[in-house]
Amino acid sequence: MSPLLMRKDEEHLIHEKIAAPDASPRLSRPRLLKLLAENVVCCNATIINGRAGTGKTALAADFARHAGRPVSWYKVDAADSDLRMFCEYLSTTVGLQRPSLDKETLLQMTETVESDGAELLAEAFVFQLSEGKSEPLLIVVEDLHLVYDADWVVPFFRRMLPLLPANVHLLITCRSLPPAPLWRLRSKQMLRVMEETELAFNLEEVIALFESYGLGEEPARIAWDRTNGRAATIAEFAATPGRAGRAIADSLLSLKRSAFTSLSGQAPDFQT
């Protein structure tokens with residue numbers, strides 16, 4: 001079901017928050033897609049952790065297109081720190097792929113349970129995911145860091161992650177690691193964390209990206225050296241007309257200045 005075909009009682013939701021990005025990346029990255037595919041097999045969940053501009057969303061969206069299974073996408077914002085609001089968006093996007101999900105029961109639980117409400121809600125959510133025979137599902141929660149301060153985040157995810165059925169994988173993107181009780185689940189092989197260093201473009205990927213713009217290997221090498229492979233900076237570098245040429249000229253000028261400084265800084269030789 002398309003997000004555009006929601007029920008009347010869901011019209012107050014922002015539909016774009018539960019729709020995966022449409023745009024394909026300029027360059028698909030098989031190296032990282034392979035890692036994510038392996039995570040789906042061996043772990044319950046994956047966290048893609050990195051600062052803004054490191055390519056988290058682009059990678060998650062590209063993997064969603066290659067995962068070979070239905071995808072429930074949820075882009076979190078700060079207002080979703082309210083447990084009911086979070087639950088409504090999460091259950092709505094999952095319900096698009098699992099129509100049997102009883103959203104109303106889950107929402108009622110956010111109102112009626114107290115201190116242990118988040119854990120009970122997680123159990124109920126997973127129970128509904130596990131009911132019946134359903135095809136595999138990928139759930140993507142984007143920008144979870146925006147609700148880290150909410151007191152329900154740790155108990156909800158700490159309870160949910162170990163209980164996820166084998167045919168459901170949770171993919172989280174964030175700008176900082178979740179509170180320790182969550183990301184430490186990786187020691188139990190339930191969770192895989194992809195760090196910013198893994199997200200960086202390697203030289204081979206940068207060369208391939210530049211080739212897609214009709215640019216050669218030399219500007220690609222210079223860009224990679226100057227940007228440390230940061231996705232957004234590399235993409236801007238390759239897409240900006242003339243920038244690659246200026247980079248080569250600047251690099252050559254820098255080399256000339258370095259050589260001149262080295263020569264001019266030598267002590268005169270008075271030996272005969």
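Among the residues making up the range 50-87, those that are in a helix (DSSP H, G or I) and open to solvent by 20 Å² or more (accessible area, probe 1.4 Å) are THR57, ALA58, ARG65, HIS66, ALA78, ALA79, SER81, LEU83, ARG84, MET85.
Of GLU104, GLU111, GLU123, GLU119, all but one fail to be of a type outside the set (A, V, I, L, M, F, W, C), exposed (fewer than 12 other Cβ atoms within 10 Å of the Cβ) and in contact with a helix residue (DSSP H, G or I) (Cβ under 8 Å, 6 or more places away or on another chain); the exception is GLU111. If you check LEU129, LEU163, LEU170, which single one turns out to be open to solvent by 30 Å² or more (accessible area, probe 1.4 Å) and under 25 Å from the mean Cα position of the chain (by Cα)? Going through LEU129, LEU163, LEU170 in turn, just one is open to solvent by 30 Å² or more (accessible area, probe 1.4 Å) and under 25 Å from the mean Cα position of the chain (by Cα): LEU163. Taken over the range 202-217, residues that are part of a helix (DSSP H, G or I) and either touching a strand residue (DSSP E or B) at 6+ places or on another chain (Cβ under 7 Å) or of a type in the set (A, V, I, L, M, F, W, C) (or both) amount to 6. Close contacts from the range 168-189, counting a first residue that is farther than 23 Å from GLY68 by Cβ and a second that is of a type in the set (Ser, Thr, Tyr) and open to solvent by 30 Å² or more (accessible area, probe 1.4 Å), with Cβ to Cβ under 9 Å and a gap of 6+ residues or different chains, come to CYS174/TYR148; SER176/TYR148; PRO178/TYR148; PRO179/TYR148. The test for being hydrophobic (A, V, I, L, M, F, W, C), modelled with pLDDT of 95 or more and more than 11 Å from the chain's Cα centre (by Cα) does not hold for ALA23.
The values are calculated or read from the model by the stated rules, or taken from the named source; none is laboratory data. Only a predicted model underlies this, so the values are computations on that prediction, with no experimental measurement involved. Cβ: placed from backbone, ideal geometry, glycine included. Neighbour counts: every protein chain shown. For accessibility, only protein heavy atoms count, side chains too; no ligands or nucleic acids. Shrake-Rupley method; radii C 1.70, N 1.55, O 1.52, S 1.80 Å.
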